[in-house]
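Worksheet: one structure, shown below.
The values are calculated or read from the model by the stated rules, or taken from the named source; none is laboratory data. What you see is a predicted model; the values in this text were computed from it and never measured. All Cβ positions, even for glycine, are placed from backbone atoms using ideal geometry, and neighbour counts span all protein chains on display. In case anyone asks, the SASA skips ligands and DNA or RNA and just uses the protein heavy atoms, side chains included. Shrake-Rupley method; radii C 1.70, N 1.55, O 1.52, S 1.80 Å.
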Amino acid sequence: MAEKAQALKQAQVMIPFVARRSKAGVTEGEQYIITTYFLYQGREACDLCGRPHQTGRQVVIDTEAGGIRAGSDCLHQVSGITPNYMDRAAGDQVNLALRVRSLALGRTRGPVSFETTQEALEQLQKSATEITRNTRHGEGVLKEINAISDKFSSRNFKDADLKRLSVLTDHLAYLKDARENPELHRARVAALRGDPVPEASKHTEPLASYPLETPDDLTADQVAAVKAALSAVSKLQMPGLRNPGVDPRDHETRDAYMTDLRAYYERLVSEGQPLRSTIQAQYDMVHLSSMRFPLSVFDVLGPFKLPCVTGIYDRPDFNNLPLEGREALNHLRVTHRAGQVEFHASGRKHTQEVRTDHPKRRAGPDGRERPAASDDRKDLVCWFIAYWTPDPWHHAFPIWKAHGGRGELLKFPGIESLPVSRAAPGTAFPG
């Protein structure tokens with residue numbers, strides 16, 4: 001709070017309490033109201049103890065004799081109210097000052113500090129007049145801000161007024177950002193409307209009728225709905241990649257992605273780099289099982305998991321199998337629920353090591369596979385194939401790439417804010 005509080009010097013609060021003990025101008029058992037909270041270290045004398053510079057922040061307490069100033073230690077003694085509670089009570093007003101500062105000057109210029117919340121509201125009125133000029137709902141926004149400002153002047157404000165100011169300043173920030181960064185705004189709208197995560201639609205469908213492309217036509221409540229949708233969609237996780245070696249999000253078109261993906265698997269096949277290899281299963285079929293020969297293509301495909309880059313045992317039982325045939329590809333599509341299965345093979349010979357001991361002897365006492373002894377290892381000559389199913393490419397990917405990624409585009413246009421645990425002004429101190 002300390003750094004952020006520089007945006008506001010004093011908060012207007014209405015916090016009632018019943019005095020727990022008497023001290024100077026406060027009498028035990030009487031009810032009082034804290035009206036002002038100074039968001040910096042006290043520089044004036046504390047009227048409750050007389051110390052000229054009591055450490056900590058200070059408040060003004062309304063009494064029949066007028067306002068008296070109290071330091072945080074004395075306030076706690078007479079009321080039980082802590083500085084943390086006061087910070088929470090003032091949090092929304094600090095946030096308001098931060099938001100107004102952002103609207104007035106932006107992030108790149110020096111900080112502005114408001115003396116009071118009322119002063120911040122006066123600046124908000126000026127900023128709102130400028131930002132809402134020639135917008136469809138600008139008059140209504142100004143009317144709401146003016147009404148809330150009048151409530152602060154008469155100390156008749158409620159927590160609901162501060163919540164509404166958050167909605168209104170969000171609206172202003174959204175309009176300001178769209179005007180200053182039109183390309184970014186269009187990209188944000190496209191990213192929100194076209195997010196590829198399936199669950200996103202339930203958050204974006206309610207916005208279908210909103211004029212998102214013309215933000216000057218949006219109401220404050222519509223902007224609040226956009227903010228909620230951005231937050232909800234940003235929390236949804238993209239599905240994991242089937243092919244982590246090539247990311248579709250890095251490609252401008254689907255054709256470019258498919259070309260790079262094929263090149264990736266062609267390289268693995270050419271270099272003999274296995275991925276989920278099945279060569280051990282092939283050796284076991286031939287030498288250590290009771291399977292009947294000749295083998296079928298489905299015998300070989302049984303251990304496959306997509307994607308797979310594996311050596312194929314270089315012997316007639318395997319060399320003549322239709323591994324690229326329609327039946328093989330259809331079998332993998334159905335088995336792995338894949339919409340599309342791609343294939344590549346190379347006749348270039350490589351070797352892969354297998355273990356020759358019986359599968360029943362490969363597990364140790366703890367159930368884990370034990371290392372093979374040197375005389376239980378053998379290099380098999382093989383040639384390589386690859387099967388893979390592409391990850392979906394989406395038209396949102398180039399938009400993400402051009403603007404810093406999905407997360408950046410799903411952020412609501414930035415205004416300064418501070419997370420605060422609420423202690424609403426106008427509600428009694430608990431205890």
Exercise for review: Before anything else, pin down the relative contact order of the chain: Cα pairs under 8 Å, at least 6 apart, normalised by residue count, whole percent.
Suggested key: 18
Review point. So, by mean Cβ neighbours within 10 angstrom, what's the order for 255-264, 96-105 with the highest one leading?
Key: 96-105, 255-264
Check your understanding: Taking only protein heavy atoms and a 1.4 Å probe, what accessible area per residue, in Å², does the chain have with all protein chains in place?
Key -> 50
Check your understanding: Under DSSP H, which helices of the chain have Cα atoms covering 18 Å or more of the helix axis and a Kyte-Doolittle average no less than -0.5?
Key -> 83-105, 138-153, 220-234
Practice item. Assuming a ≥ b ≥ c are the square roots of the Cα gyration tensor eigenvalues, decide whether segment 121-233 counts as rounded (a/c under 1.5), prolate (otherwise, with a/b larger than b/c) or oblate. Key: prolate
Review point. So for the pair Asp221, Glu369, with labels modelled 7 Å out along Cα→Cβ, what separation do we get in nm?
Key: 6.2
Check your understanding: Which FRET efficiency value, to the nearest 0.05, do you get for Glu327 and Arg186 by plugging their Cβ-Cβ distance into 1/(1 + (r/R0)^6) with R0 = 45 Å?
Key -> 0.40
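Before rounding to the nearest 500, sum -39500 (n - 2.57) across all DSSP H runs of length at least 4 in the chain and divide by the residue total; then give [θ] at 222 nm in deg cm²/dmol.
Rounded to the nearest 500, it is -12000 deg cm²/dmol.
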Practice item. Over all alpha-carbon pairs in segment 223-310, figure out the percentage whose distance exceeds 22 Å. Key: 54
Check your understanding: Ranked highest first by average number of other Cβ atoms within 10 Å, how do 373-385, 216-228 line up?
Key -> 216-228, 373-385
Study note, to complete from the structure: Percent antiparallel among DSSP beta bridges confined to the chain, nearest 5, equals 95
**Study point:** Listed candidates (i) 233; (ii) 159; (iii) 168 - label of the one calculated as volume of the Cα convex hull per residue in Å³
**Key:** (i)
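Taking the mean number of other Cβ atoms within 10 Å as a proxy for protection, how do you rank 170-180, 337-347 from highest to lowest?
Working: 170-180: 20.8, 337-347: 14.1.
For the peptides 170-180, 337-347, the packing ranking is 170-180, 337-347.
Between Arg164 and Thr35, what's the calculated FRET efficiency when r is the beta-carbon distance and R0 is 22 Å? Round to 0.05.
0.50
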Review point. Does anything in segment 271-301 have its amide N under 19 Å from the 7 Å Cα→Cβ label point of Glu353, and if so which residues?
Key: 272-284
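What does the extension gain come out to for Asp376 and Arg88, with contour length at 0.36 nm per residue minus their alpha carbon separation?
96.7 nm
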**Study point:** Cross-link partners of Lys176 among lysines (Cα-Cα below 29 Å; sequence separation of 8 or more within a chain)
**Key:** Lys4, Lys9, Lys126, Lys143, Lys151, Lys158, Lys163, Lys202, Lys227, Lys235, Lys401, Lys411
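Would you please give the FRET efficiency between Gln125 and Arg267, computed as 1/(1 + (r/R0)^6) with r the Cβ-Cβ distance and R0 = 51 Å, to the nearest 0.05?
After rounding to 0.05, the efficiency reads 0.20.
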Revision key, fill the gap. Taking a straight Cα-to-Cα line shorter than 16 Å from Lys23, and setting aside same-chain aspartates and glutamates fewer than 8 residues away, one finds Asp47, Asp62, Glu64, Asp73
